[in-house]
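The values are calculated or read from the model by the stated rules, or taken from the named source; none is laboratory data. Keep in mind that this is a model prediction, so the values were computed, not measured. We place every Cβ from the backbone using ideal geometry, glycine too, and count neighbours over all the protein chains shown. SASA here: full protein model, heavy atoms, side chains in, ligands and nucleic acids out. Shrake-Rupley method; radii C 1.70, N 1.55, O 1.52, S 1.80 Å.
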Amino acid sequence: MNDRLAIAAALREISRLLQVKGDNPFKSRAYERAAQALEGFDGDLDLLVKNRGLTQLSGIGAGLAAVIEELYSTGRSAVLEQLRQELPPGVVELSIVPGLTLRKITALHSALRIENIPDLKTACEKALVRNVKGFGEKAEAKILQAIEKLETKEQRTLLNHALEEGERLLQHVRGASEVVRAEIAGALRRRKETVRNIQIVAASTKPEPVLDYFQRYPAVLRTLERGDHRCKVRLVRDLDAELTVIAPENYVGALHQSTGSAKHLAKLEEIARSKGISLGADGLGKGSRKLKVKDDSEIYRHLGLSVIPPELREDEGEIEAALSGTLPNLITVGDVQGMTHCHTIYSDGKNTIEEMALAADGMGMNYLTITDHSPSAFYARGVKTDRLKAQWEEIARVQEKVRVRLLKGTESDILEDGSLDYPDTILEQLDIIIASIHVRAKMDIDQMTRRILGAMRSPFFKIWGHPLGRLILSRPPLECHMEKVLDTIAGSAAAIEVNGDPRRLDLEPRWVRAARQCGIKFVVSTDAHSTNALRNLRYGVFMARRGWLTRDDVLNTRNTDDFMKAVHP
């Protein structure tokens, strides 16, 4: 078993079985971390195993390395086989049904040979579960109700989790010998903050073996639907994935139709009709003649439009801008010259200043801002004034070892009265200040607006950090009179952060665009609390692109000197 994804799937199955069994939770999490480490490894697995280098990967110790080596060399795992023998088949899938304990799952398997949720639903509908010892008519009704809720529940997944899984799945699909081309589609291709599922469109003249290959993806938990050209599966991370296999000559049209929002596509179809062109899942046509296109960007050119990037295909003015030739040239990850908003072990970060600096250096960045939390953020081990001197001295020592320019700064809390944390005598010595709200103190919209505007009156207010403080899927954005706030920022030299932490992605694109229309500048940040989180940059860039930002709109696309001039207190 030399496929790292297959080995990762086996490790994740061990983790889930240990969890269901009620084993030590640390042990279960260790297997999950090992699975993630393998999934994220893009080097030569053969070489790593042969050189006994598995323990170099984060979270993999000698014991886990032995399990991986066994899977690699034999395709089997004694640990996994033992767990499969101890536990009934389908226990991982069945355990997601609320109220189904391991004891009850074992009883259902012994009595009715139930191994998955569809079997359980059928048994409940046939009134068979009520006769199993330990159940009854009421328990049966509750199980059926729980299954129906699971089936109708809209499960949304954060962009980073969906994209990481989607990229692995896409790599798997492209590995099928019958596949000519394949790409991610849907909301995931548009880089929405959350998605319901992963959609992939593939080109092939032989759909059946491609769908078979798709179903063999190691993270597939069960198949939900399958037709002649389409298959939908549930993955182990409670995420659905769908593959559509299209004839190669219709691939571009199908990818395009599977990417844009319904409103975007409807407006394009109107434009196409006005030009005597048909536009649909089979591509472009004029009369009986099919128009050849190499990719979906050519569809826009045939319709007389500038190419509209996938992130903008929402019918939010992008078609009109493409018609008039005013669509902006969007920022790319390669445009960014410096990492902003980074935390270290001085507050709640996981890595030292030197480790963060070396990581940024390795990524080719020209500068890195060290912006640990301020004293009021006691929950994040905010840096008190007496520790700042030690931090600044360490920054100076590390600077001698790295090429990347290190800028000393803070993520200063905006306090309840609108003042910034740290006295002015400290703030004026910093290279960069990101001002953020973390504690809301149950303020109403007027109070919050006064708080934010109060902070903006400070001469040290230069960057508004994760402005509305949302945590996607768990905490809504704070309420303020946003138009009034944007007008105030537009009249100052301050900038707004587009936060790349996948749990935040704040500001959301509609407000980014509104701020841009006010002439406000931005920084695209990582909000990194570890070296790994420096990779959050791409998620910040995705949101910036969805907010129509160009390279010129973003301060940290500038060189070090120009950036420092723009953000210096």
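Any residue that is open to solvent by less than 60 Å² (accessible area, probe 1.4 Å) and in a loop (DSSP other than H, G, I, E, B) - is there at least one of those in the range 166-176? Break it down into steps so the answer makes sense when it comes.
Filtering the range 166-176 for residues open to solvent by less than 60 Å² (accessible area, probe 1.4 Å) gives 166, 168-170, 172-173, 175-176.
Now restrict to residues that are in a loop (DSSP other than H, G, I, E, B): 175-176.
Yes - at least one qualifying residue is present in the range 166-176.
This table checks each residue for (1) of a type in the set (D, E, K, R); (2) modelled with pLDDT of 90 or more; (3) open to solvent by less than 40 Å² (accessible area, probe 1.4 Å); (4) in contact with an Asp or Glu (Cβ under 7 Å, 6 or more places away or on another chain).
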{"site": "Phe214", "(1), (2), (3), (4)": "no, yes, yes, no"}
{"site": "Val220", "(1), (2), (3), (4)": "no, no, yes, no"}
{"site": "Glu225", "(1), (2), (3), (4)": "yes, yes, no, no"}
{"site": "Asp228", "(1), (2), (3), (4)": "yes, yes, no, no"}
{"site": "Glu242", "(1), (2), (3), (4)": "yes, yes, yes, no"}
{"site": "Glu249", "(1), (2), (3), (4)": "yes, yes, no, no"}
{"site": "Gly253", "(1), (2), (3), (4)": "no, yes, yes, yes"}
{"site": "Gln257", "(1), (2), (3), (4)": "no, yes, no, no"}
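Contact map, the range 392-417: residues that are more than 19 Å from Lys462 (Cβ to Cβ) paired with residues that are open to solvent by 20 Å² or more (accessible area, probe 1.4 Å) and not in a strand (DSSP E or B), Cβ distance under 7 Å, separation 6+ or inter-chain. Pairs shown: Val398/Glu354; Lys401/Glu354; Val402/Leu358; Val402/Asp361; Arg403/Asp361; Val404/Asp361; Val404/Asn366; Glu416/Ala441. When the residues of the range 362-404 are narrowed to those that are of a type in the set (Asp, Glu) and surrounded by fewer than 16 Cβ atoms within 10 Å (Cβ to Cβ), which ends up modelled with the lowest pLDDT? Step by step, filter the range 362-404, then rank; the result is Asp386. Total residues in the range 41-60 satisfying the condition of being touching a residue at least 12 places away in the same chain (Cβ under 8 Å) and either open to solvent by less than 40 Å² (accessible area, probe 1.4 Å) or within 22 Å of the chain's Cα centre (by Cα) (or both): the figure is 8.
Taking Leu468 as the residue in question, decide whether it is touching a residue at least 12 places away in the same chain (Cβ under 8 Å), under 29 Å from the mean Cα position of the chain (by Cα) and not in a strand (DSSP E or B).
Working: touching a residue at least 12 places away in the same chain (Cβ under 8 Å): yes; under 29 Å from the mean Cα position of the chain (by Cα): yes; not in a strand (DSSP E or B): yes.
In short, yes.
Cβ-Cβ distances below 8 Å connect the following pairs, each with a first residue in the range 542-569 that is on the phi > 0 side of the Ramachandran plot and crowded, with 22+ Cβ neighbours inside 10 Å, a second residue that is outside any strand (DSSP E or B) and hydrophobic (A, V, I, L, M, F, W, C), and a separation of six or more residues or different chains: Trp548/Leu312; Trp548/Val512. Across the range 301-321, the qualifying residues are those that are at pLDDT 95 or above and assigned to a helix (DSSP H, G or I), and the one among them that is most open to solvent (accessible area, probe 1.4 Å) is Glu320.
Can you tell me which residues in the range 66-99 are among the acidic types (Asp, Glu) and over 20 Å from Ala8 (Cβ atoms)? Show your work before the answer.
Of the residues in the range 66-99, the ones among the acidic types (Asp, Glu) are 69-70, 81, 86, 93.
Of everything in the range 66-99, just one residue is among the acidic types (Asp, Glu) and over 20 Å from Ala8 (Cβ atoms), namely Glu86.
Residue-level check: of (1) over 25 Å from the mean Cα position of the chain (by Cα); (2) surrounded by fewer than 20 Cβ atoms within 10 Å (Cβ to Cβ); (3) modelled with pLDDT of 95 or more, Ser261 misses just (1).
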